[in-house]
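The structure under discussion appears below in the form of structure tokens.
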Amino acid sequence: MRRLGILTIVATSGVAHAWPEPAPEPTAVAPEPAPEPAPEPVDPIPTPAELAARIDALEQRAGNAELVEQNVETLAETVHTLVPLRRFLTIYIDVGWFHVGGNGAGVRSDVGHRNIRDFDDIPADWVLVGDPLSTAINSRGEPADIGAARAIATDTVNSDGNPSFIVNALGLAIGRTIGRGISIAGLVEFLPRPGADLTEVGLAHIDYRPSRTLDLVLSAGKIDSVLGVEYRAQDAPRRLTVTPSLLCRYTCGRPFGVQGRLTRGRLLAALSLTNGDNFNERFEIDEQTGYHLVPTAAAHLQWILPVGQGLEVGVSGAAGPQDGQSASHVHQWHYGFDLRLRDLRGVDVYAEFVQGKQQGSSAGAAHAADAMMVPSPVAHCGIAQCLTYKAAYVLASKRVRPWLTPYARVDWRGARHQRGLDFLYVTRALRATAGVHLVMTSRMIAKVEYTANVELGTPQFPNNVLTTSVVVSTD
Amino acid sequence: MLAWRGVRGLVLLGVCGVAACAEPLVDGTFTQAEWDFAQSFRIDRLATPECRFCVSADAGQQLFFDPRLSGEIIADGEGALGALGESGKVACASCHDPQRWFVDQRSKPNGSSLGTGWTKRNTIGIVNSAYLTAFTWDGAASRLEDVLEIPVTSPAALHSSHAIIASVVRTHYAGLVTAFGPTTGSDDELYQRAARALAAYQTQLRTGPAPLDRYLAGDYTAIPDEAKRGLQVFIGRGLCSECHNGPLLTDECFYNTGVPQRGLHVPATDPGRFGVSQDARDLGAFRTPMLRQIAETGPYMHTGELATLADVIDFYRWGGSPSGFSGTKDQRLIPLEIDDDDASALDAFLHTLTGEPIAAALTTRPILP
């Protein structure tokens with residue numbers, strides 16, 4: 001299967017201009033000095049000896065011209081060789097403006113325990129309704145404000161409900177084929193943020209194609225998820241929408257590990273073994289180096305059916321020890337179904353459904369080895385958080401002009417997420433998103449998007465999102 | 001060009017859409033959810049308590065001020081109400097001072113109160129107690145007429161007995177003897193009549209609306225802006241309303257909030273609610289006190305250790321004491337996510353809970369029979 005990550009951005013793009021011009025290599029044969037000019041003819045009728053000399057001179061000049069031509073060819077080959085060097089770095093900048101209703105947050109405390117019953121032991125201020133990421137304003141899924149949210153530690157945008165301009169990311173994408181089927185890829189994003197600027201290494205992996213006949217790619221490093229389809233185009237230059245779906249937090253992570261991707265005819269298969277789950281780091285901070293004896297296994301199978309340019313139907317799943325604690329027997333699982341219809345009369349459709357569970361573990365359980373945790377006498381889901389979730393979305397778009405693609409998305413998420421008495425999220429969120437994707441030039445896209453958030457079963461609060469994004473890329 | 005026009009149009013449309021969803025804040029401060037919850041604090045939401053023994057309320061007031069109900073004094077020293085061994089020196093009003101919202105402000109900085117001896121706990125307020133269903137710090141009484149038993153049997157409070165009470169009633173309160181119908185005149189029966197009379201008197205000790213109540217009723221000038229922010233902290237990240245809720249700002253439940261057993265006359269351990277329930281989880285737990293007129297009823301906590309509301313806020317702000325208390329502290333007692341401004345605002349809010357004083361006729365010492 002062709003990798004649709006950032007490598008593709010590089011491989012399919014035109015010539016970049018950010019890389020410095022390489023110095024030409026020395027040629028194999030040095031050009032000879034130009035011959036001296038022929039002496040002025042004294043006699044208009046040349047002698048045979050003179051004619052012979054002229055012929056010699058002309059032959060010598062012809063020989064020199066041939067050498068020059070060879071030099072040019074050599075130089076052209078050198079330039080051709082160096083072109084990829086100029087192309088392995090792609091730079092993009094994603095800037096935007098957003099305005100989110102209310103205080104910018106997607107959650108509210110259940111003031112006075114008026115909506116969520118049976119959890120009176122958790123302070124009402126820590127019982128939260130809504131979805132903390134429902135007010136995402138960029139492709140990274142950063143909410144405009146975290147408000148009272150307690151599971152998300154850093155309020156990177158912190159808008160407090162005010163409209164704001166933002167530089168979503170300055171991205172550096174690196175991808176290069178080294179030779180013999182080996183290539184490298186990386187993605188670094190710089191995030192100017194209030195308080196402290198952030199740097200995030202999103203991808204850093206080595207890819208290896210062991211066979212020219214078998215379409216198999218083996219990767220190792222900080223790799224893409226294999227779950228579902230949304231992760232494939234999650235970075236701003238490639239994302240159709242401005243913001244991710246509500247389930248991207250479960251499928252768009254980039255853990256440390258190894259993976260293999262195989263394409264055979266209409267079947268695509270991907271398998272990964274990673275240090276932890278495939279959750280987005282924003283939703284759950286990864287222990288990126290090993291924390292368990294057993295890795296998390298994840299797989300995706302996909303069939304391409306002959307509908308439009310291809311109807312991709314996939315199923316994926318993951319299982320392994322739960323992140324956030326060290327016991328291997330405390331597990332989590334995830335499965336999902338995905339569908340992608342490509343270009344049926346200009347219409348593209350994405351749809352995904354996922355369900356999963358983090359088992360969680362309470363204080364007092366057999367986690368004495370959990371040196372990082374302070375044992376506590378009570379607290380259900382106290383050592384490791386408990387999480388159950390279901391989520392789905394449908395995203396449809398139609399290219400009505402080469403430069404204009406309107407889209408609409410409906411997504412839903414139901415979840416219960418508890419960590420001891422620290423917090424309880426009860427989410428029943430429904431969102432409707434409409435937007436347009438505009439190709440302004442070959443290297444500039446603009447997106448405008450409006451999202452209406454609805455909290456099911458609890459009082460509504462204003463948290464609708466208007467957000468924009470302009471992405472300019474060197475490729 | 002068309003693309004740019006499209007962008008501009010959508011931005012304008014979206015701005016309008018978001019603007020229409022701007023959150024309406026009550027008084028520019030509270031979300032609707034916060035305001036709706038705060039309405040549950042209004043004291044006018046309380047039904048007037050039944051006054052079953054009101055016929056004897058005047059006698060109850062006399063008994064409340066009557067030191068003849070008490071037995072021998074067992075502690076002397078500064079503030080003592082009599083000499084060691086003297087009887088008839090301590091009245092209910094000695095510790096429940098009517099001029100001080102019926103709490104004992106003599107206990108500053110002693111912590112506990114001084115009746116016939118040093119009590120092990122700070123005197124708890126009795127104003128508005130007619131609305132309650134559990135009384136005293138540990139809920140040892142569940143009816144107002146049962147409360148008298150506690151100081152009567154305590155050597156440090158009244159150090160009295162049914163016989164002493166009955167004797168006083170029999171000798172001086174002839175009207176009370178017949179107030180509830182025929183009687184055999186036994187000590188227990190007369191004691192019960194005294195208890196009912198005291199309950200009747202206490203039922204009358206109720207406050208009216210405080211500035212907070214007027215504010216919640218719609219008078220947005222009734223409390224200062226800082227107090228409004230304090231109310232927001234109170235029901236939000238201060239977590240205060242977890243226990244202090246309802247019109248009296250108490251849930252009448254029992255919690256171990258990590259108050260250390262510290263003070264000159266405070267015992268090293270105190271079983272708290274466990275002494276009543278015998279449930280190990282209640283060890284060191286005490287009833288959530290009412291917060292009505294809390295600004296006037298210091299010192300605070302069951303040990304009387306904290307002299308000011310600022311001290312109390314600071315105590316909870318840092319999650320209670322790490323040690324020195326009986327039992328296991330409630331897990332929710334962790335450092336709060338509030339800052340100095342929040343603490344100051346909370347203090348201001350707590351000062352809006354004081355209603356009009358109790359009528360002078362009820363706080364004045366009557367002529368004793």
Please work out the Cα center distance from region B:122-175 to region A:252-282, rounded to the nearest Å. 73 Å
List the residues whose amide H sits under 5 Å from the amide H of B:LEU306, counting only those 5 or more places along or on another chain, with H placed 1.01 Å from N in the peptide plane. B:TYR300
Net charge, A:ASP338 excluded, C-beta distance under 14 Å - Lys, Arg +1, Asp, Glu -1: -2
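Based on Cβ point charges of +1 for Lys and Arg and -1 for Asp and Glu, what charge dipole magnitude is obtained for region B:39-147 about its Cα centre, in debye rounded to the nearest 20? Don't skip to the answer; put the middle values down first.
Working: 11 positive and 13 negative charges, 71 e Å.
It comes to approximately 340 debye.
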FRET efficiency estimate (nearest 0.05) - Cβ-Cβ, B:THR308 to B:ALA47, R0 30 angstrom: 0.35
Between the modelled labels at A:ALA220 and B:ASP187 (7 Å from Cα along Cα→Cβ) the distance in nm is 9.1 nm
Charge sum, other residues only, whose C-beta stays under 15 Å from B:THR184's C-beta, Lys/Arg counted +1 and Asp/Glu -1: -1
Of the candidates A:GLY310, B:GLN39, B:THR308, the farthest towards the positive dipole end of the protein assembly as shown (Lys/Arg Cβ +1, Asp/Glu Cβ -1, centred on the Cα centre) is A:GLY310
Where the only charges are on Cβ atoms (+1 Lys, Arg; -1 Asp, Glu), what is the dipole of chain B about its Cα centre, to the nearest 20 debye? 300 debye
Label-point separation in nm, A:VAL68 to A:ALA49, each point 7 Å along Cα→Cβ: 3.1 nm
Give the Cα extents of chain B along the principal axes, in whole Å, largest first. 103, 44, 35
Find the relative contact order for chain B and round it to a whole percent, using C-alpha pairs within less than 8 Å whose residues are 6+ positions apart. 21 percent
Using the Cα gyration tensor of region B:74-115, with a ≥ b ≥ c the square roots of its eigenvalues, what is the shape: rounded (a/c below 1.5), prolate (a/b larger than b/c) or oblate (neither)? oblate
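Work out, step by step, the length gained on full extension between A:ARG443 and A:ALA57: first 0.36 nm times the residue separation, then minus their alpha carbon distance; give nm to one decimal. Numbers along the way, then the final one.
Working: separation 386, 0.36 × 386 = 138.96 nm, distance 5.37 nm.
Additional length available on full extension: 133.6 nm.
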Say each of B:ARG262 and A:HIS329 gets a label point 7 Å from the Cα, pointing the same way as Cα to Cβ; how far apart are those two points in nm? 4.3 nm
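Among the listed pairs A:LYS357/A:LYS447; A:LYS447/B:LYS228; A:LYS390/B:LYS329; B:LYS120/B:LYS329; A:LYS357/B:LYS329, which are separated by more than 30 Å between their Cα atoms? Spell out each step's value before the answer.
Working: A:LYS357/A:LYS447 34 Å; A:LYS447/B:LYS228 41 Å; A:LYS390/B:LYS329 36 Å; B:LYS120/B:LYS329 20 Å; A:LYS357/B:LYS329 32 Å.
Where the Cα-Cα span goes over 30 Å, the pairs concerned are A:LYS357/A:LYS447; A:LYS447/B:LYS228; A:LYS390/B:LYS329; A:LYS357/B:LYS329.
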What number, rounded to the nearest 500 deg cm²/dmol, is the helix-based mean residue ellipticity at 222 nm of the protein assembly as shown, given -39500 (n - 2.57) per DSSP H run of at least four residues and division by all its residues? -6000 deg cm²/dmol
Which residue, B:ASP225, B:ASP213, B:ASP340, has the most motion in a Gaussian network model of chain B that connects Cα atoms within less than 10 Å? B:ASP340
Filter chain B for me: DSSP H helices, axial length by Cα at least 20 angstrom, mean Kyte-Doolittle hydropathy not below 0.0. List them by residue number. B:2-20
What residue among B:GLN105, A:THR47, B:TYR201 has its Cα farthest toward the positive end of the dipole of the protein assembly as shown, where the charges are +1 on Lys, Arg and -1 on Asp, Glu, each on the Cβ? B:TYR201
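Grab the beta carbon distance between A:LEU273 and B:ALA280, set R0 = 56 Å, and tell me the FRET efficiency rounded to 0.05. Before the final figure, lay out the partial values.
Numbers: r = 48 Å, r/R0 = 0.85.
With a Förster radius of 56 Å, E is 0.75.
FYI, it's all coordinate maths here, none of it is from the lab. Source: prediction; values computed, not measured. No Cβ is skipped: glycine too gets one built from the backbone with ideal geometry, and neighbour counts run over all protein chains shown.
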